[in-house]
Amino acid sequence: MISSIHGKIIYADAGFVIVECAGVGYKVNVPRDLVMTYGIDDEILLYTYLQFSEQNGLALYGFLTVSEEKMFEQLLGVNSVGAKAVNS
């Protein structure tokens with residue numbers, strides 16, 4: 001499991017950033033306000049949740065605090081709430 005990622009943002013778009021860590025770029029789905037706060041070449045530490053689904057494969061979700069990540073996990077336990085709805 002990937003619990004956190006620390007590196008430089010090399011790309012940012014609506015809803016995700018690509019964080020380069022040790023020469024590898026990780027696409028991390030993040031809240032939109034995070035994309036507005038951080039930009040290209042900013043260094044960032046994100047606490048992450050790695051989700052696997054048969055339809056979409058792997059998806060990595062990132063948060064600035066552990067408490068945000070834990071809240072995300074709790075919301076995923078609610079019926080009819082998916083990761084995309086929680087992280088927007």
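A few points about this structure:
- Meets criteria (among the small types (Gly, Ala, Ser) and at negative phi) for residue 59: yes
- Scanning segment 1-17 for residues that are assigned to a loop (DSSP other than H, G, I, E, B) and not small (Gly, Ala, Ser) yields 1, 2.
- Search result, residues across segment 1-58 that are under 22 Å from residue 77 (Cα atoms), open to solvent by 20 Å² or more (accessible area, probe 1.4 Å) and without any contact (Cβ under 8 Å) to a residue 40 or more places away in the chain: 49, 51, 52, 53, 54, 55, 56, 57, 58
- Residue within segment 65-80 that is outside any helix (DSSP H, G or I), modelled with pLDDT of 85 or more and not charged (D, E, K, R) present: yes
The values are calculated or read from the model by the stated rules, or taken from the named source; none is laboratory data. Just so it is clear, the model here is predicted, and its values are computed rather than measured. Positions of Cβ are generated from backbone atoms using ideal geometry, with glycine treated the same way; all protein chains shown enter the neighbour counts. Accessible surface areas use protein heavy atoms only, side chains included; no ligands, DNA or RNA. Shrake-Rupley method; radii C 1.70, N 1.55, O 1.52, S 1.80 Å.
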